[in-house]
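The values are calculated or read from the model by the stated rules, or taken from the named source; none is laboratory data. For clarity, every value in this text was computed on a predicted model and none was experimentally measured. Cβ placement follows ideal geometry from the backbone for every residue including glycine, while neighbour counts extend to all protein chains displayed. Ligands, DNA and RNA are excluded from the accessible area calculation, which covers all protein heavy atoms including side chains. Shrake-Rupley method; radii C 1.70, N 1.55, O 1.52, S 1.80 Å.
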Amino acid sequence: MSKVKMKNTNNIKGFTLVEILVVTLIVLTVALLTANVYRTVSRRNLVQGEAINISSRLEQIRSLAEAQKSISGGYGIEYRLRFVSGNPCTVIGEYYNASTTTWVTAPEFSNIAIPLSQRISFGVTTGVTNSPTDQPTGTPTSATEIRFNSRGFPVNTSSNPPTAPKESNAIYINDGTTNYAITVNILGRIQVWAYDRGGSNLWVPITGSGR
């Protein structure tokens, strides 16, 4: 009858406390790095999503303004998207009523102010000193409204319609860290830009439509 050879268990070693602590530290470090990356990406996606939403609403307002060409006596009617700071910030679509010489909420757009995420503010964070390339040079300043005439061109906001074409039309939004811009050039082209802090410190176009 054969004998079963028993293994010498004295040579089997377990993990030491130091090894367990090192592995635990590595796992925690990787988890923290992953969480930070996730938060950064989520934050950037939130701001970019709001920027794209604003550009879509500008497209809608411009289309409503252009539609006035097919209405008798519609020439000269202007539409605008107004930007109101607060908690949350909101956007409001309006048109100019020539009969009452007042701006009225555009029901085709929305009867109420449309809120942005509570994390979003208008303007740029400290250190952003230049504007996207389709805007006049200088310190980036967020507009309080952008108007369109019946030809779909952005126009001045300093007086009541009819008003002349306007070159500088930009909305800037941020969450305290990430910056995006929504611009309308003098021909009515709407673009979304992201501010690159990766060394270039330039505005990078994300989307664009129109002229």
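Being assigned to a loop (DSSP other than H, G, I, E, B) and over 21 Å from Y79 (Cβ atoms) is true for just one of T100, T126, T157, T163. Which residue is that?
T126
I need every pair where a residue in segment 105-132 that is within 17 Å of T178 (Cβ to Cβ) has its Cβ under 8 Å from the Cβ of a residue that is among the basic types (K, R) and not in a loop (DSSP other than H, G, I, E, B), sequence separation at least 6 or different chains.
Correct list of pairs: R119/R43.
Filter segment 134-154 down to residues that are part of a loop (DSSP other than H, G, I, E, B), in contact (Cβ under 8 Å) with a residue 40 or more places away in the chain and not small (G, A, S) and give me whichever is nearest to G93 (Cα to Cα).
T144
If I206 satisfies all but one of (1) crowded, with 20+ Cβ neighbours inside 10 Å; (2) part of a strand (DSSP E or B), what's the number of the condition it fails?
The one condition I206 does not meet is (1).
Quick test for you: out of G188, G176, G199, pick the one residue that is within 18 Å of R147 (Cβ to Cβ) and assigned to a loop (DSSP other than H, G, I, E, B).
None of the others qualify; the one that does is G188.
Pick from segment 84-100 the residues that are touching a Leu at 6+ places or on another chain (Cβ under 9 Å) and either aromatic (F, W, Y) or touching a residue at least 24 places away in the same chain (Cβ under 8 Å) (or both): which of them is most open to solvent (accessible area, probe 1.4 Å)?
Across segment 84-100, the extreme among qualifying residues is Y95.
Determine, yes or no, whether S131 is surrounded by fewer than 21 Cβ atoms within 10 Å (Cβ to Cβ), modelled with pLDDT of 90 or more and of a type outside the set (A, V, I, L, M, F, W, C).
No.
So which residues in segment 165-199 are open to solvent by 50 Å² or more (accessible area, probe 1.4 Å) and either touching a Cys at 6+ places or on another chain (Cβ under 6 Å) or not basic (K, R) (or both)?
Answer for segment 165-199, where residues must be open to solvent by 50 Å² or more (accessible area, probe 1.4 Å) and either touching a Cys at 6+ places or on another chain (Cβ under 6 Å) or not basic (K, R) (or both): P165, E167, S168, G176, T177, I186, L187, D196, G198, G199.
Determine whether Y172 is in contact (Cβ under 8 Å) with a residue 12 or more places away in the chain, in contact with a Leu (Cβ under 9 Å, 6 or more places away or on another chain), over 15 Å from A65 (Cα atoms) and aromatic (F, W, Y).
Judged against the criteria, Y172 is not a match.
Please go through segment 103-123 and pick out each residue that is assigned to a loop (DSSP other than H, G, I, E, B), within 30 Å of Q68 (Cα to Cα) and open to solvent by 60 Å² or more (accessible area, probe 1.4 Å).
P107, E108, N111, I112
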